[in-house]
Amino acid sequence: MITLLLLSLLAAKPDLATVFPREADVQTNAAGLVRLPLPSEVLRACHGDLADVRVFDGAGKEIPYLIDSGDQLLEKKETVRLEIKKVQRHETPHQGAPSLYEETFDVSAPPDGEWALVFDTKALEIVRSAKITAIDKDGVARELAAAASLFRLPHMQAERLRVPISITRASRLVVSIAGEGKGYMEPSLSVERRTIVGGNDLLTLPLERLSEAQQASEHGTRTAVTFARPAGVLPRAIALSTATDLFDRRVRVVDVGRGVTETTLGAARLFRIHGFVDVSETELRLSDAWGDRLRIEIENEASPPLEALTASAIVRQPVLVFFVPASKATLRFGGGRVTRPRYDVGRLLSDISESLGKRSSEGATQLFIGKLAALGPLRDNPRFNQKPALAFAMRPGAPIDVSTFTHRAILPLVPSADGLASFTLPVELAAVARPDFGDVRVVDKKAQQWPYLRDRELQPETRPLLVSSEAEDKASRLTLKDAFAPMLVDQIELDADAPYFERAATLYAVGKEKRVIASTRLTRKNGDDAAIVLAFSPERAAAFELVVQNGDDAPLVFTAARARHVRPQLFVTAPAGDYVLLAGNADATSPSYELAAIEDTVLAVSATAALPNVVEKNPDYRLVANLTTQDRALHAGLWLIIALAVIVLGALTLRLAKP
């Protein structure tokens, strides 16, 4: 029903000018073909595919456009080899250390323009500092680079042998390179520049930091920092910034968020070395992201976490290409309430690029060149319809019998402007819920259900465990419990006071039956004080037992233990108010809401976070009400048997009482 309602709403074709919350005037000198770069403020407010962007003329008529994302580039590479006219070399030996090698080259200057000076060398491993000076025909010197870093580090898979320079009326260049090592660099020198038609500027957008956690890992500790990713920001790379001067860390970026499966977007070794030459690599290339968050995981091993860590997304600025009439034009954007338009001109860019790939691109530049337009100040759209985007889905479902659920929590909801709220199921409710969470309900005061979507990814929360231990024959048995049981857990961390150990161990999940979930070895190297981490697939258990084989060594003393509980995140379309969150009904059927048919539409809009109140036993719970039909029949049969037994015993008593 909701799906049909949504389709009918789309078919009604509402006034497009009312569905975008923000707008700005398009500023251009005259009518004609224009290129409009979209600034970061627009990207942050829109979807990644820019579906919620439209251009209107002065009469309110929609103007078709194509999006030049900068992916399909026409590139012309120009290379000029520089003639080396004079070379000077000098070696300064250092006792007990590598020698300092200095080389100075007097070379011809390239034509004016922006270039990259390229150092081509056969040296397998080098670290050098380069100074580049331009000399004009009058002998006046101008410094182009004071201390540019050059390096080739095979063991770190890192290389930088290019230095950007800007040439203006230079007659020759003086290039000086110096650094410690095993010999001279002996490079050949050239300059390169690439003329890119259709290539857009790169934007560096700082990302909002949401949380940071220090975790135990296989090699020591790991820092996991989560950053918000605005829907319209599709980073090609992530740039990290830190106050730590010297580091060498393995870094992984993970795509997380509602409606997505956690996926690694990129991994690399990032480093910074301050010395005679500064060497660094702090950018990491990424594949396409889909979630609304990026989690950056940094392997610290035994080192302290990076200080004052920040992250920025590097994106290629998208450009709208369209024909602007003589009258003014307006860009309206944001809101996520419309699908991407299918303009006929939208296919031109890819078709032209494919065609030019088979021929020369020399005559194609005019196809991409238009007058450069700009946006005026951004403002709220006065015609924007304030009604929530999901208003059509804000209606209750069927009523239920709340007395069949054992636990509850009051759930205050204040939905976003689009009509969506989200919350994470409390650990205490996850403990009493069914393993598939099919008995979770959100109801109002009339016991009417309110539809929700459940994220496929479980959200973690680490909590302390109660630890008790007992000695066995050459072994120790640890019992690990939480105040609430059963628990749904995917990782256990243990703190031990011994500086070194290497012991076999078996982890059991204890419930109606006890089963092995992991057979492992607990290992700590000398001087390592990191927690012992036992990771496994999510397991529901009333408690966990860890049996450690001590042999003839003293039993290990574990000073603390923690469990990482996992539970789902739910998304609800409901008006503001107090609701009741229910769980604890093993016989409930899993809910079936029409909201699932438009999951992509629902999860595309913004959601406000809700926080359930304290979990408590449901005061309306009745044991008899929670019996199944079969249970009720057995219950009635039992009472019938008891009644018959009473009658029979009464008759026997009366008979025996007669003289």
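The values are calculated or read from the model by the stated rules, or taken from the named source; none is laboratory data. As the structure is a prediction and not an experimental result, all values here were calculated from the model. Cβ sites come from the backbone with ideal geometry, for glycine too, and all protein chains shown count toward neighbours. Calculation scope for accessible area: heavy atoms of the full protein, side chains included, ligands and nucleic acids excluded. Shrake-Rupley method; radii C 1.70, N 1.55, O 1.52, S 1.80 Å.
Side notes on the structure shown:
- Burial order of peptide ranges 425-433, 460-468, 480-488 (average beta-carbon count within 10 Å, highest first): 425-433, 480-488, 460-468
- In nm, spacing of pseudo-spin labels at LYS182 and LEU466 (7 Å Cα→C-beta vector): 6.3
- Taking 0.36 nm per residue of separation and subtracting the current Cα-Cα distance, fully stretching the chain between ARG162 and LYS85 would add 25.6 nm.
- Potential lengthening between SER537 and ARG383 on full extension [0.36 nm per residue; Cα-Cα distance subtracted]: 50.4 nm
- Among the protein heavy atoms of region 206-344, carbon and sulfur supply 49% of the accessible surface, probe 1.4 Å, non-protein parts ignored.
- For the cross-link pairs LYS445/LYS512; LYS85/LYS131; LYS61/LYS371; LYS76/LYS131; LYS85/LYS137; LYS328/LYS387, the ones whose C-alpha atoms lie over 26 Å apart are LYS445/LYS512; LYS76/LYS131; LYS328/LYS387.
- Relative contact order (percent, whole number), region 469-603, Cα cutoff 8 Å, 6+ residue spacing: 33
- A crude spin-label estimate for the pair LYS617 and GLN95, with each label 7 Å from Cα along the Cβ direction, gives 8.4 nm.
- Rounded to two decimals, the Cα-based Rg/Rh of region 148-297, with Kirkwood Rh, is 1.04.
- Here the gap between ALA59 and TYR500, fully extended at 0.36 nm per residue and compared with their Cα-Cα distance, gives a gain of 151.0 nm.
- For ARG342 and ALA308, the FRET efficiency from 1/(1 + (r/R0)^6), where r spans their Cβ atoms and R0 equals 56 Å, is about 0.75.
- For the pair region 527-552 / region 205-273, the C-alpha centres are spaced 28 Å from each other.
- Note on region 209-354: semi-axes of the ellipsoid equivalent to its C-alpha gyration tensor, largest first and rounded to whole Å, are 38, 19, 14.
- Legend: helices of the chain (whole DSSP H runs) are marked when their alpha-carbon atoms reach 20 angstrom or more along the helix axis and their mean Kyte-Doolittle hydropathy is at least -1.0; marked are 629-657.
- Multiplying each eigenvalue of the alpha-carbon gyration tensor of region 424-566 by 5 and taking the square root yields semi-axes of 35, 15, 12 Å, largest first, rounded to whole angstroms.
- Taking the protein heavy atoms of region 451-510 in the context of the full set of protein chains, the accessible area attributed to carbon and sulfur is 49 percent at 1.4 Å.
- Residues of region 311-331 falling in the label zone of LEU33, defined by backbone nitrogen less than 13 Å from a point 7 Å along Cα to beta-carbon, are 321-324.
- Length-normalised contact order for the chain - Cα pairs under 8 Å, 6+ apart - percent: 18
- Surface/4 estimate of mean projected area, convex hull on alpha-carbon atoms of region 428-503, nm²: 8.1
- With all protein chains kept in place, the per residue accessible area of the chain amounts to 52 square angstrom at a probe of 1.4 angstrom.
- For region 389-443, fraction of C-alpha pairs farther apart than 16 Å, in %: 54
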